[in-house]
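Single-structure report; data block below.
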Amino acid sequence: MAGENRLVKLKLDNVYKEYQGRNGKTVALNGVNLDIMENEFICVVGPSGCGKSTLLNIIAGLLEPTSGAAYLDGKKIEGTAVERGVVFQQYALFPWRTVINNVMFGLEMKKTPKEEARKIALKYIESVGLKGFEDAYPKELSGGMKQRVAIARAYAANPEVLLLDEPFGALDAQTRVQLQTELLNTWEQEKKTCFFITHDVDEAIILAQRVIIMSARPGRIKRIVNIDIPYPRTQETKSDPHFLELKAEIWNQVYQEFLEVKK
């Protein structure tokens, strides 16, 4: 099972986050505690506004918690670093860089030799289905293609931890399945720790070893579901009776929280 005989890679220690606005204080996260093991694949689900993205941004070092802390390999996370790669809901590309130069960006930050960086970038551009678009600029690409460039950039930089905030949400169904498969291959072959946010329960079960269910705001961990379906998982896995049981269990928990939001 996930986490056995492994080291803790990421630790969330009583993470609390509040925002001050014109209408007073809003509590986004209310004491989140979680140990994520080395090379573990975690998916996080929950109703909109429950603090999923806030939690990811704290792990990424883009936000500071109001209290509590996040740790990587026992060291408190303070700011961004190359060992944590992030893919956001909205692609964040440099418009003046071509596809290949966008994908090479993280490698340049790591001072990878140019020819080696180019070879790595080409590998991941092909893996996300963009071979032939290496010299295109973002303005020449569709929204889905831009997101694939952002995903390739994160893979190419070879971070120890991949943080993904609904990265496939804007993609067509066929591309989404392709990139789910590629992500699992990357995770298994390159021994990464993945923290993946999604609204799609099917996607969470296909990808994750554990699914973290968040409560309605203020966000906390309501339940953790172990996904004991062996890899490799394919689209045929979705017809497995145990998959359907897990889907019903997770969806019922998420729907209860959705009802809390509606109150």
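On the basis of the beta-carbon distance and an R0 of 25 Å, residue 224 and residue 73 show a calculated FRET efficiency of 0.70. A Cβ-based charge dipole, computed about the Cα centre of the chain with Lys and Arg at +1 and Asp and Glu at -1, lands at about 760 debye.
Its relative contact order, with pairs defined as Cα atoms under 8 Å and 6+ residues apart, puts the stretch 47-164 at 34 percent. For the stretch 1-142, a crude dipole built from +1 on the beta carbon of Lys and Arg and -1 on the beta carbon of Asp and Glu, taken about the Cα centre, is about 280 debye to the nearest 20. Partners of residue 139 within straight-line reach, counting lysines whose Cα lies under 23 Å from its Cα and excluding those fewer than 8 residues away in the same chain: 123, 131.
Restricting the calculation to alpha carbons of the stretch 138-211 gives Rg and Dmax of 12.1, 38 angstrom. Efficiency by 1/(1 + (r/R0)^6): what FRET value for residue 251 and residue 35, r their Cβ-Cβ distance, R0 = 22 Å, to the nearest 0.05? Efficiency at R0 = 22 Å is approximately 0.30. Between residue 191 and residue 139, the contour length at 0.36 nm per residue exceeds the Cα-Cα span by 15.3 nm. Each principal axis of the stretch 1-118 carries a Cα extent, and these read 49, 46, 25 Å when sorted largest first. How many percent of the alpha carbon pairs in the stretch 110-263 exceed a separation of 20 Å? The share of Cα pairs beyond 20 Å in the stretch 110-263 comes to 56 percent. Summed over qualifying helices (DSSP H, 4 residues or more, each -39500 (n - 2.57)) and divided by its residue number, the chain shows a 222 nm mean residue ellipticity of -11000 deg cm²/dmol.
Using only the Cα atoms of the stretch 69-188, each taken as one equal point scatterer with no solvent, compute I(q) by the Debye sum, divide by I(0), and report log10 of the ratio at q = 0.18 Å⁻¹. Treating every Cα as an identical point scatterer, log10 I(q)/I(0) equals -0.92. Structure note, pairs 9/114; 9/52; 11/52; 9/238; 17/222; 75/192: Cα-Cα distances above 23 angstrom occur for 9/114; 9/238. Relative to its residue count, the chain spans a Cα convex hull of 140 Å³ per residue. Toward the positive end of the charge dipole of the chain, with +1 on the Cβ of Lys and Arg and -1 on the Cβ of Asp and Glu, the farthest Cα among 252, 221, 242 is that of 221. Of the chymotrypsin sites (Phe, Trp or Tyr not before Pro) found in the stretch 51-119, those in coil by DSSP whose Cβ has at most 15 other Cβ atoms within 10 Å are 96. Under the convention that each Lys and Arg Cβ holds +1 and each Asp and Glu Cβ holds -1, the size of the dipole of the stretch 161-218 around its Cα centre is about 260 debye. Taking other C-beta atoms within 10 Å as the exposure proxy, 194, 43 rank 194, 43 from fewest upward. Note on the stretch 158-235: dipole from Cβ charges, positive end direction compared against 184, 211, 230; the farthest Cα belongs to 211.
Values in this text are rule-based calculations from the coordinates and carry no lab data. Values in this document were obtained by computation on a predicted structure and should not be read as measured data. Reconstructed Cβ throughout: ideal geometry from the backbone, glycine too, with neighbour counts over all protein chains shown.
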